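The structure appears below as structure tokens.
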Amino acid sequence: MGLVLEGRYRLEERLARGGMSTVYAATDLRLHKTVAVKVMAEHLAHDPTFVDRFTREARAAAMLSHPNVVGVSDQGSDQGLVFLVMELVRGRTLRDLLTARGRLTVAEAFAVLEPVLAGLTAAHRAGIVHRDIKPENVLIGLDGIVKVADFGLARAVVGTGQTSQTGGVLIGTVAYLSPEQLERGRADARSDIYAAGIVLYEMLTGHPPFGGDTPLAVAYQHVHHDVPAPSAEVPGLPWPVDELVARTTRRDPAGRPLDAGAFLAEMNHVRKDLGLEPVPVPTGRSTAGPDTLRPTNRPTRPRHPSDPMTEVLGRQIERNGRTGVLPGMGAGPTMNVNGRRPAVERARPGVPQHIRRRRARFAVALILLLAITIGAIGWWLGSGRWTQIPELIGQEQSAAIDLLQGAGLDPDCCDEQWSEEFPAGAVMSTEPKAGEAIRGTDVRLVVSKGPERFRVDTALVSKPWAEVEPLLQESLPEIQFTTAEQYDDGVPAGAVIGFDPPAGTDLPRDSVVTVLVSQGHEPVAVPDVTGQSPEQAVANLEALGFEVQKGEDGRSAAVDVGEVMAVSPGPADGPVEFGSVVTITVSVGVPLVTVPDVTGKKADEARSILEAAGLKVDATSFFGNKVRQQVPAAGETVEQGTVVKILVAF
């Protein structure tokens, strides 16, 4: 007590405990309301298969929204405990009521069963089979509201002792299991109808129809014997009620109502034929008057040790809500060779007049029916056993199941396979195929899971390809991957830029996906920064990602002093790797030249030699044609463009 699950549900009171779970009253600390928390048994909570199925079935039950179904609001696991949060119903179970009352009147039994069938109808229409209908799972609130609990949980259980259609084990209350569940481990809506019929029998008589020293003995009777008429135990019960119990508990599922809605309709017809007025749901005290249908407040006989049995075949577990053996009455009823209780011969009290009139009309009809019976038997032995497997290819799963049940066939549902042709939930094939078959034949349905699709995780983008490649090979062996390299200014070299088709796209098997791997930043062309100041040139180059360094000063006739005269690598070298080092050279003046010796040379020749050296010439002539003197003198170093004076004479 006091444990808080997921920081929200504080367990405050233990309400009930069984072999598979314990139910607590708890406070929802977030919403400040009282709820019921069912905690799975520890040995089941450690079974991953059970936890997975329990979670899946809990979600299915949570989808039901009906006033006669216990609401499911949350499911989770915490501190090693798997739990389910449900609506808390203050009151008692039908088992408690039967223990206190013994048995109910027909009107009271119908009053309890009607909301139970209403809740089951909603479940059956949603494709959910309860599989564990029994008095312990019928809750009667203090306000008279009846709710069905534990929807779908028996279907999810995988433990020891029971066979299921998925290859698990059959867990349930043997006293309420249908023959097909016991023989083949399969259940559908008609299995719930059988259990509800057994519950109706127990409400009318105060005990289940079959008993035995072992669960196997009870199971044998369910499989091999018809449920006896309730009036054999409680004289005075109307025969239409016997007929209703017989129809809903037939051993052949094809002979029962298709679902809870059909059962409810038949019960309402019986109520109308009997002229029964609706009565309040009994909550613990009898409200019926003293009539022939009113039972006593205790069972007509002691219960057998196996009634009711919440047991697994081959292994007994805790029983709930049993009436003990009364002193002096022995351990249980005497069983005949067929495993049934002997009928109690009692005088029937007077029958109301309107019932006698109806019986007379039925007697006339019975004569006609007897005349037809021989022909019907011949028809059944001939063609009556046969039915037609409908064409189900392309039908939605639930619709296909309805068609099979309507044809008197048992749906074996379902194998699931991927399909590019059929949408999810549609029937792809059946075994046997459409055609004639004997009623009760199992028809295996193969249902489409839709197209098989795979997805590349979007989180792999921008990660190094060396890390991504083994992850893709391990997680997506169904997809083929190729690589392509390209430059990307924002993704470092060797990392994944993206995928084509993009990551997150639904891909069919054997698709080819191209992985785009970055080559790093695209190469950058070096701009022409000659003629710029060193500061301006450095700023322009660094803006493009280059690392700039200053080389030795140089001289240039084309660039002013203090400006950049050259860059290496330069524009003519083409694009270079992003982040490369670029060297700039700053001009400190024009180039220096050595003055050539032109003395003794003719004036025109001397001028050509000096100008070719980048010097200017200033000539002075005195009646001659040879250079006799030059300034600056030959061999001196001067700036290019310096004026050299020459004296020309004889």
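Every read-out reported here was derived from the displayed coordinates using simple, explicitly stated rules and does not represent laboratory data. Computed from a predicted structure; not experimentally measured. Note: ideal-geometry Cβ built from the backbone for every residue, glycine included; neighbour counts use all protein chains shown.
Going by amide H atoms built from the backbone, whose H comes under 5 Å of the H on Thr505, apart from near neighbours?
Amide H neighbours of Thr505, under 5 Å, 5+ apart: Val456.
May I ask you to compute the full-extension gain from Arg59 to Val4, defined as 0.36 nm times their residue separation minus their alpha-carbon distance, rounded to one decimal in nm?
Details: separation 55, 0.36 × 55 = 19.80 nm, distance 2.21 nm.
Full extension from Arg59 to Val4 adds 17.6 nm.
At a 10 Å Cβ-Cβ cut-off, how would you order Asp242, Asp573, fewest neighbours first? If you can, show how the numbers build up before the last one.
Working: Asp242 18, Asp573 11.
Listing Asp242, Asp573 from fewest to most nearby Cβ atoms yields Asp573, Asp242.
What ranking, highest mean first, results for peptides 248-259, 631-642 when packing means the other Cβ atoms within 10 Å averaged over each residue? Could the numbers behind the result be given before it?
Numbers: 248-259: 19.6, 631-642: 13.1.
Highest-to-lowest ranking by the protection proxy: 248-259, 631-642.
Using R₀ = 56 Å, calculate the FRET efficiency as 1/(1 + (r/R₀)^6) where r is the Cβ-Cβ separation of Ala493 and Leu592; round to 0.05. Before the final figure, lay out each step's value.
Numbers: r = 47 Å, r/R0 = 0.83.
Rounded to the nearest 0.05, the efficiency is 0.75.
For Ala399 and Lys272, what does the FRET efficiency come to when R0 = 35 Å and r is the distance between their Cβ atoms, rounded to the nearest 0.05?
Details: r = 31 Å, r/R0 = 0.90.
Step by step, r from the Cβ atoms, then E = 0.65.
What residues from the stretch 610-628 fall in the zone where the backbone N is under 15 Å from a label point 7 Å along the Cα-to-C-beta line of Lys645?
Answer for this model: 616-622, 628.
In bins 10 Å wide, starting from 0, what share of all Cα pairs of the stretch 1-109 does each bin hold, as a percent?
13, 40, 32, 12, 3
Give me the lysines in straight-line cross-link reach of Lys645: C-alpha distance below 28 Å, same-chain residues under 8 apart excluded.
Those lysines meeting the cut-off are Lys601, Lys602, Lys616, Lys626.
Run the simple label-point estimate for Asp226 and Thr583 please: 7 Å along Cα→C-beta, distance reported in nm.
My value for the distance between the label points is 11.2 nm.
Using just the alpha carbons, could you tell me how many Å³ per residue the convex hull of the stretch 540-650 encloses?
On the way: hull volume 11.3 nm³, N = 111.
Expressed per residue, the convex hull around the Cα atoms of the stretch 540-650 is 102 Å³.
What FRET efficiency comes out for the pair Ala434/Ala466, r = Cβ-Cβ distance, R0 = 45 Å, nearest 0.05?
0.20
Taking the number of other C-beta atoms within 10 Å as the exposure measure, put Tyr24, Tyr220 in order starting with the fewest. Provide the component values of the computation, followed by the final result.
Working: Tyr24 23, Tyr220 15.
Ordered from fewest to most neighbouring Cβ atoms within 10 Å, Tyr24, Tyr220 come out as Tyr220, Tyr24.
Please identify which residues in the stretch 443-483 have an amide N closer than 20 Å to a label point set 7 Å out from the Cα of Gln519, following the Cα→Cβ vector.
In the stretch 443-483, the label zone of Gln519 (backbone N under 20 Å from the point 7 Å along Cα→Cβ) covers 462-466, 482-483.
For Ser73, which sequence-distant residues (separation of 5 or more, or a different chain) have an amide H within less than 5 Å of its own amide H, given hydrogens modelled in the peptide plane?
Val85, Met86, Glu87
Points 7 angstrom from Cα along the Cβ direction at Ser608 and Val364: gap in nanometres?
The modelled label-to-label distance comes out at 15.2 nm.
Could you tell me the center-to-center distance, by alpha carbons, between the stretch 59-113 and the stretch 246-278 in angstrom?
About 23 Å separates the Cα centre of the stretch 59-113 from the one of the stretch 246-278.
Let me see the P(r) profile for the stretch 408-457: every Cα-Cα distance counted, bins of 10 Å, each bin given as a percent of all pairs.
In order of increasing distance, the bins hold 27, 40, 23, 7, 3, 0 percent.
Could you give me the radius of gyration and the Dmax of the stretch 534-586, taking only the C-alpha atoms into account and expressing both in angstrom?
That works out to 11.1, 32 Å for Rg and Dmax.
Mind pulling up the Rg/Rh value for the stretch 193-259? Radius of gyration and Kirkwood radius, both on Cα. The partial results should precede the final answer.
On the way: Rg = 11.7 Å, Rh = 12.2 Å.
Rounded to two decimals, Rg/Rh equals 0.96.
Excluding Val648 itself, what net charge comes from residues whose Cβ is under 12 Å from its Cβ, given Lys and Arg +1 and Asp and Glu -1?
On the way: positive: Lys601, Lys602, Arg607, Lys626, Arg628, Lys645; negative: Asp604, Glu605, Asp618.
It works out to a net charge of +3.
What order do you get for Leu94, Leu29 when you list them from fewest to most C-beta neighbours inside 10 Å?
Working: Leu94 24, Leu29 13.
If I rank by nearby Cβ atoms, fewest first, I get Leu29, Leu94.
Work out, step by step, the length gained on full extension between Asp252 and Gln536: first 0.36 nm times the residue separation, then minus their alpha carbon distance; give nm to one decimal. All intermediate terms of the calculation are to be shown ahead of the outcome.
Numbers: separation 284, 0.36 × 284 = 102.24 nm, distance 9.77 nm.
Length gained, Asp252 through Gln536: 92.5 nm.
Given points 7 Å out from each Cα along the Cα-Cβ axis, report the Ala558 to Gln473 separation in nanometres with one decimal.
The two pseudo-label positions are separated by 5.6 nm.
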